Amino acid sequence: MGIIDLIPEGKENAINRNLLTARCINNGLVDKRAKDPDREMRKLVEKARTDWAILNTGDGKGYYRPSKDDYAELRRFKRQQESRIKNINKGLKPIRKILRQSSEPVNVFAAGQMSIFDIIGK
């Protein structure tokens, strides 16, 4: 059994995070003694999303798999995710600028790395 088996089909059947986490624990997918079982469940959802369409309602009602031909929900989720990507990239813009303008040389011999000169003894 995988987390996909615990996520219902259809927005009207969405399962909230607390219940999904509890079901993951009950089915042995998440260890109840984990430091943050909710985070462990979200990691499972993230991994499952590489193979399955798993949507979330955006209003806290939870996760669900889209019903067949539910293209409106798929488009909504796609727009939501693309907006998040765009906002993350906007937030990285000043960091990229600082790094481009930095005159600090890159240390190619970072701590823990071996130099060819260490090998030949120079």
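Take 12-22, 71-81 and order them by the average number of nearby Cβ atoms within 10 Å per residue, most first; the result is 12-22, 71-81. Bridging of residue 68 to lysines at a Cα separation below 17 Å is possible for 11, 78, once same-chain residues fewer than 8 apart are set aside. Once both labels are positioned 7 Å from their Cα atoms along Cα-to-Cβ, the gap between residue 26 and residue 89 label points is 4.2 nm.
Once Rg and the Kirkwood radius are both taken over the C-alpha atoms of the range 1-100, their ratio Rg/Rh works out to 1.07. Spin-label pair residue 97-residue 43: with each label point 7 Å from Cα along the Cα-Cβ axis, the two points sit 3.6 nm from one another.
One decimal place: the segment residue 80-residue 5 gains 24.6 nm when fully extended, by the rule 0.36 nm per residue minus the C-alpha distance.
Note on surface exposure: 51, 31, 5 rank 51, 5, 31 by accessible area, highest first, 1.4 Å probe.
The values are calculated or read from the model by the stated rules, or taken from the named source; none is laboratory data. All values derive from a computational prediction rather than experimental measurement. Backbone-built Cβ (ideal geometry, glycine too); neighbour counts: all protein chains shown. Calculation scope for accessible area: heavy atoms of the full protein, side chains included, ligands and nucleic acids excluded. Shrake-Rupley method; radii C 1.70, N 1.55, O 1.52, S 1.80 Å.
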